[in-house]
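The values are calculated or read from the model by the stated rules, or taken from the named source; none is laboratory data. What you see is a predicted model; the values in this text were computed from it and never measured. Neighbour counts run over all protein chains shown; Cβ positions are idealised from the backbone, glycine included.
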Amino acid sequence: MNAQAVREQLRTVIVGHVDHGKSTLVGRLFHDTGSLPEGKLEAIKAMCERRGMPFEWAFLMDSFQSERDQGITIDTAQIWFKTKKRDYVIIDAPGHREFIKNMITGASSADAALLLIDAGHGIQQQSRLHGFLLNLLGIKQVAVLVNKMDLVGFDASRFGEIREQYIRYLDGLGVRPDYFVPLSARDGDNLVNRSTRMGWYSGPTVTEALDSFHPTLRPTDLPLRLPVQDVYKFDDRRIIVGRVESGRFSVGDQLLFSPSNKTARIASIESWHRPGKAVVAQAGQSVGITLDEQLFIERGEIASHVQDAPRETSVFRGRIFWLGQEPLRVGNTYQLKLLTRSSPVTVQKIERVFDADSLTDRPGVEVPRHGVADVILRSHAMLALDEGRTLARSGRFALSDGHNILAGGVVSMEGYPDQRDALTVKSQNLRRVEHRVPEAARSARNGHRGGVLWFTGLSGAGKSTLAMAVEQELFARGYHVYVLDGDNVRHGLNANLGFSPDDRAENIRRIGEVAALFADAGMIAITAFISPYRSDRQRAREAAKGAFHEIYVEADIETCEQRDPKGLYKKARRGEIAEFTGLTAPYEAPDAAELTVDTRDLDVEKSIKRILDYVERHIAIASQVR
């Protein structure tokens, strides 16, 4: 293997406002690093002479005829140049607002960014937006290049003014540029060679700044992600095919397929146009695999190792950039595209809509074209995905209307649990045992059917107060009833669980199963838990079959915080409680509860009466005398 083959490579995106000189910068960078193909410069100069137009360095980059005519870059272009240290892929992304989608596409695979600002025009709206988008895409290595210093007389104070303004802006985004470099791309000042006209600047040149950046972790060193593209059937074999997005695997490895949670070992690796039998595959390769047992695997599943598997969920946060002509609205359904998976998702909530100019955010019910927002998306099907900040390929998604791309987004699971464990049955050789006492006999003896009264709502809404009062009243009326209260259960059954999203999900899973057993025994189990996730409450509903009754104890966050019976909101506001539901962790209100009790408008006595009336109508049987 020669030295050239093992040289390190770094992918860098260059962005900036239209006409701030990106293509000129890259064209001159090509020339000054000796990276131009032989005869390319002469060919461009000859073309300019034929057209009767002055030579521009930008013509080395702008390879489309329409771009030369319009003077703007309309698509991403990737070029290669080299320094003594490493090879570079420079991704030239468009700056014009109408081509933002292409800019996002180009920047999504970059290790670092060069952000260009015209010294004369200063910081423009697009400069702010590009800084915001780089942060959105998780690019942390940034050099800000203040170009066209020749047009402001190489004025150090002008450079300092732009630098201070932009530092303040980017700091609000959590972006801290590594360098600010003054330059004149047209003349090559501070590009590869240090400028003799800006003696006041002592920092690195552009290539020196680039050489100080580090490539992100190689795809082969990341956890395995093999999205299933298709399944081919030859003879008796089923060949699962796809492109390895990250990681590597070998024949004999055990794979986990998500979200189906099926496992099998790799029997063979089938590759095309390669001599011999492959025993290893890695990121970037398109391969087929056969398994040691015949599993039904569908397009859209993700194969991984059992360790470092993707998350499974039906709800997640997404930070999106909206491109649709019509605004994104709460309640709208779009088609989610994530790797090879396509699934309808509904906008459950718009948490924040960002203003890239003022660095403010606000709640919203819609997101306008070119708007950036944090949204919560819900799918009816289970999804396999990753946090965008850890695994970009399986943590970024697109939304479409079935034909056109409407948004690009990055996955965040902050505040939401991995639902995989709740869906996985780990015990083997199990068989349900049928009771010999029929349900009707239990109901006849008790005078009521078994049931689960599932109280859900924010802390301070009144769940425990109502649960204990309803239990007392039902017991006095002859019902077999017991309250499973959150605090009490955490002292025993769930004493080993904390308050992380995963632990909260497991807490509710256990309670749902216990409550279902109470109901199966013919009793009424009243649960008083925040139970913030709809998916967890849905599993509790499925466990109790037709005996589940969701009772939403409704009160807004302001009312609950005013009550604050345990002082928890005050502690959360002081930062003493992390991931507190309603403040720093999500609460998903029921969308179709059997009963809603609004404790803002109803006092305790009226609230109890509403619940008792519901029980009399839906759980009592006609033979019971009150």
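Here residue 240 meets the list (1) at pLDDT 90 or above; (2) more than 23 Å from the chain's Cα centre (by Cα); (3) closer than 24 Å to residue 390 by Cα almost entirely, failing just condition (3).
Here residue 286 does not fit the description of being crowded, with 17+ Cβ neighbours inside 10 Å and of a type in the set (S, T, N, Q). For segment 563-578, the tally of residues that are surrounded by fewer than 12 Cβ atoms within 10 Å (Cβ to Cβ) and without any contact (Cβ under 8 Å) to a residue 60 or more places away in the chain stands at 4. Looking across segment 109-163, the residues that are at pLDDT 80 or above and on the phi > 0 side of the Ramachandran plot come down to 122, 148, 153, 154. Scan segment 327-370 residue by residue and report those that are without any contact (Cβ under 8 Å) to a residue 40 or more places away in the chain and acidic (Asp, Glu). Listed by number, the residues that qualify are 351, 355, 361, 366. Taking the conditions exactly as written (touching a residue at least 60 places away in the same chain (Cβ under 8 Å), surrounded by 19 or more Cβ atoms within 10 Å (Cβ to Cβ) and in contact with a helix residue (DSSP H, G or I) (Cβ under 8 Å, 6 or more places away or on another chain)), does residue 397 satisfy them or not? In short, no.
For every residue, the table says whether it meets (1) assigned to a helix (DSSP H, G or I); (2) farther than 23 Å from residue 385 by Cα.
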position: 160; (1), (2): yes, yes
position: 167; (1), (2): yes, yes
position: 176; (1), (2): no, yes
position: 181; (1), (2): no, yes
position: 256; (1), (2): no, no
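Restricted to segment 275-371, the set of strands (runs of 3 or more DSSP E) holding at least 2 residues that are within 18 Å of the chain's Cα centre (by Cα), among the hydrophobic types (A, V, I, L, M, F, W, C) and not assigned by TED's automatic domain parsing to the domain that holds residue 532 comprises 311-322, 333-338, 341-355.
Within segment 256-271, the presence of at least one residue that is touching a residue at least 40 places away in the same chain (Cβ under 8 Å), β-branched (Val, Ile, Thr) and surrounded by fewer than 22 Cβ atoms within 10 Å (Cβ to Cβ) is confirmed. In segment 436-471, the residue that is surrounded by the fewest Cβ atoms within 10 Å (Cβ to Cβ) out of those that are under 20 Å from residue 548 (Cα atoms) and free of Cβ contacts under 8 Å to residues at least 12 places away in the same chain is 438. Residues that are touching a strand residue (DSSP E or B) at 6+ places or on another chain (Cβ under 7 Å), assigned to a loop (DSSP other than H, G, I, E, B) and more than 17 Å from residue 328 (Cβ to Cβ) within segment 385-411 comprise 386, 387, 388, 391, 393, 394, 395, listed in sequence order.
Taking each residue of segment 196-224 that is among the basic types (Lys, Arg) and looking for partners that are in a loop (DSSP other than H, G, I, E, B) with beta-carbon atoms closer than 7 Å, six or more apart or interchain, yields 197/154.
Within segment 243-254, the only residue that satisfies the criterion of being crowded, with 21+ Cβ neighbours inside 10 Å, under 23 Å from the mean Cα position of the chain (by Cα) and in a strand (DSSP E or B) is 246.
Would you check which residues across segment 316-336 are within 30 Å of residue 257 (Cβ to Cβ) and buried (at least 16 other Cβ atoms within 10 Å of the Cβ) and list them? Break it down into steps so the answer makes sense when it comes.
Restricting attention to segment 316-336, the residues satisfying the condition of being within 30 Å of residue 257 (Cβ to Cβ) are 316-320, 333-336.
Within segment 316-336, 316, 317, 318, 319, 320, 334, 335, 336 qualify.
Taking the stated definitions as given, is residue 597 touching a helix residue (DSSP H, G or I) at 6+ places or on another chain (Cβ under 8 Å), β-branched (Val, Ile, Thr) and more than 28 Å from residue 445 (Cβ to Cβ)? Yes; evaluated as a whole, the condition is true for this residue. Of the residues making up segment 351-402, those that are among the charged types (D, E, K, R) and under 28 Å from residue 124 (Cα atoms) are 351, 352, 355, 357, 361, 362, 366, 369, 374, 389, 396.
Would segment 483-490 turn up any residue that is among the charged types (D, E, K, R), surrounded by fewer than 23 Cβ atoms within 10 Å (Cβ to Cβ) and part of a strand (DSSP E or B)?
Yes, because at least one residue in segment 483-490 is among the charged types (D, E, K, R), surrounded by fewer than 23 Cβ atoms within 10 Å (Cβ to Cβ) and part of a strand (DSSP E or B).
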